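The values are calculated or read from the model by the stated rules, or taken from the named source; none is laboratory data. These numbers come from a predicted model, not from an experiment. Positions of Cβ are generated from backbone atoms using ideal geometry, with glycine treated the same way; all protein chains shown enter the neighbour counts. These area figures cover heavy atoms from the full protein model, side chains too; ligands, DNA and RNA do not enter into them. Shrake-Rupley method; radii C 1.70, N 1.55, O 1.52, S 1.80 Å.
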Amino acid sequence: MTKHTAFAADDAIIAAAAAITSQPGRRFTSYPPARARGGCRLAPAAAARQATDDPGAAVSWPELVVPRHADFDDWMEKHPSALAAFESVLAAAKGKKIVMFLDYDGTLSPIVRDPDSAVMSEEMRDAVRGVAEHFPTAIVSGRCRDKVFNFVKLAELYYAGSHGMDIKGPTAQSKHTKAKAGAVLCQPARAFLPVIEEVYRALTASTAPIPGATVENNKFCLSVHFRCVQEEKWRALEEQVRSVLKEYPDLRLTKGRKVLEIRPSIKWDKGNALQFLLESLGFAGSNSVFPIYIGDDSTDEDAFKVLRNLGQGIGILVSKIPKETRASYSLREPSEVEEFLRKLVSWSKESRQRD
Ligand SMILES: O=P(O)(O)OC[C@H]1O[C@H](O[C@H]2O[C@H](CO)[C@@H](O)[C@H](O)[C@H]2O)[C@H](O)[C@@H](O)[C@@H]1O
């Protein structure tokens, strides 16, 4: 399958998978998360220097294959629904402090054609607010921090924008807040601001002739969207982007959901942001923390990987189709994320009443 056909398959596969996954009577088995293979609690500067991944593997072009029923069943065995396996999640979290990490697009809000219209429902906001009352909660997004804050609008949360390269503490104090209100806690890519601005202008100009292509400035990174570009033009768009980036070897290209993402080539991703936030919350080296990270995209895999390596907490992939993932559990769509968050809150309330 070429890169081009992999793109083309996306929506058809989701439709096919939706038909399979909506079948009633599916059974799920529990799949315990991988346990510790040694700690990884780096201070941010050290983590930023650590180059653990093959830079050549940074661009991932997912190979999408229409799932057969058997494939789907196999996948669900390995990544059971976090709703169906809720009791297993609770058992693993027993006696530990839950810290919640939530991706935004595709996790809290449904994927839509216009990125500026990806609003979150009031019901979802209410569910996230509830979770934040019970557990320290962070939004970890590829979006620029201010933009994602304007969608979520909850001052009691931590926000890690630009794929974790821009981390700020809650602007409203809550019992979970460990930082000075509204303090910017971490911006490891500050030196790249001028070059990102320059490349934003260059990409906006060079992609302008391609109808439907848009460039989103996410402050420390950029997104070139092709969801509204005719499929025949996808290759040309990618070539345009690559040609601009030839002049900027310090930037790298990765791919999300119908988006090309351009970011600094530093070793800092959503996984580093997760570790940094755990440390900021006072959980460095702690065995009593249970981070839960929920996300839908390839960039969330960095956070799932950190959890696997730490042997703590769980990653939950939001997907209707089988995907290669390091997450332990799955949820099919944002409405299931909302249900999972509400169940956690109810469980936490009940346990408080019992204690
Ligand atoms: O880390 P995230 O919060 O998931 O952000 C990743 C990218 O999400 C947005 O793009 C995606 O959602 C759009 C709205 O639904 C959709 O139109 C687009 O095709 C998706 O790729 C956001 O616009 C990007 O800047 C983020 O990098």
- Would you be able to tell me the number of residues in the range 272-285 that are in contact with a helix residue (DSSP H, G or I) (Cβ under 8 Å, 6 or more places away or on another chain) and open to solvent by less than 20 Å² (accessible area, probe 1.4 Å)? 4
- Item | Failed item, numbered, when Ile196 is tested on (1) crowded, with 21+ Cβ neighbours inside 10 Å; (2) among the β-branched types (Val, Ile, Thr); (3) in a loop (DSSP other than H, G, I, E, B) | (3)
- Task: Report yes if some residue within the range 243-253 is more than 15 Å from the ligand (Cβ to nearest atom), surrounded by 17 or more Cβ atoms within 10 Å (Cβ to Cβ), assigned to a helix (DSSP H, G or I) and among the polar types (S, T, N, Q); otherwise report no.
- Result: no
- Task: Quickly run through the range 287-338 and pick out the residues that are under 22 Å from Tyr158 (Cβ atoms) and of a type in the set (Asp, Glu).
- Result: Asp296, Asp297, Asp300, Glu301, Asp302, Glu338
- Query: What tally of residues in the range 132-147 results from selecting those that are buried (at least 22 other Cβ atoms within 10 Å of the Cβ) and either more than 28 Å from Trp268 (Cβ to Cβ) or more than 15 Å from the chain's Cα centre (by Cα) (or both)?
  - Reply: 2
- Starting from the range 85-96, take each residue that is of a type outside the set (Phe, Trp, Tyr) and list its partners that are assigned to a helix (DSSP H, G or I), counting only C-beta distances under 7 angstrom and pairs at least six apart or across chains. Leu90/Trp347
- Query: Any residue at all in the range 174-187 that is more than 22 Å from the chain's Cα centre (by Cα) and outside the structural domain of Ser141 (by the TED database)?
  - Reply: no
- Task: Give me a count of the residues in the range 152-167 that are among the small types (Gly, Ala, Ser) and open to solvent by 10 Å² or more (accessible area, probe 1.4 Å).
- Result: 1
- Query: Can you tell which of Val66, Val59 is modelled with pLDDT under 95, touching a Ser or Thr at 6+ places or on another chain (Cβ under 7 Å) and either more than 16 Å from the ligand (Cβ to nearest atom) or not small (Gly, Ala, Ser) (or both)?
  - Reply: Val59
- Regarding Ala127, is this residue away from the ligand (no atom under 16 Å from the Cβ), of a type in the set (A, V, I, L, M, F, W, C) and open to solvent by 10 Å² or more (accessible area, probe 1.4 Å)? no
- Query: What number of residues within the range 136-182 satisfy the criterion of being assigned to a strand (DSSP E or B) and without any contact (Cβ under 8 Å) to a residue 60 or more places away in the chain?
  - Reply: 6
- Message: Looking at (1) under 15 Å from the mean Cα position of the chain (by Cα); (2) within 16 Å of the ligand (Cβ to nearest atom); (3) crowded, with 24+ Cβ neighbours inside 10 Å, which one does Leu307 not meet, given that it meets all the others?
- Response: (2)
- Positions within the range 114-152 being within 29 Å of Ala213 (Cβ to Cβ) and of a type in the set (Lys, Arg), in sequence order: Arg143, Arg145, Lys147
- Which ones in the range 88-124 are open to solvent by less than 10 Å² (accessible area, probe 1.4 Å), within 16 Å of the ligand (Cβ to nearest atom) and assigned to a helix (DSSP H, G or I)? Met124
- Return the only residue of Ile262, Ile196 being in contact (Cβ under 8 Å) with a residue 60 or more places away in the chain and under 18 Å from Asp146 (Cα atoms). Ile196
- Of the residues in the range 201-239 that are among the aliphatic types (A, V, I, L, M) and open to solvent by less than 30 Å² (accessible area, probe 1.4 Å), the one that is farthest from the ligand (Cβ to nearest atom) is Ile210
- Message: Every residue in the range 286-298 that is more than 12 Å from the ligand (Cβ to nearest atom) and either among the polar types (S, T, N, Q) or open to solvent by 20 Å² or more (accessible area, probe 1.4 Å) (or both), please.
- Response: Ser286, Asn287, Ser288
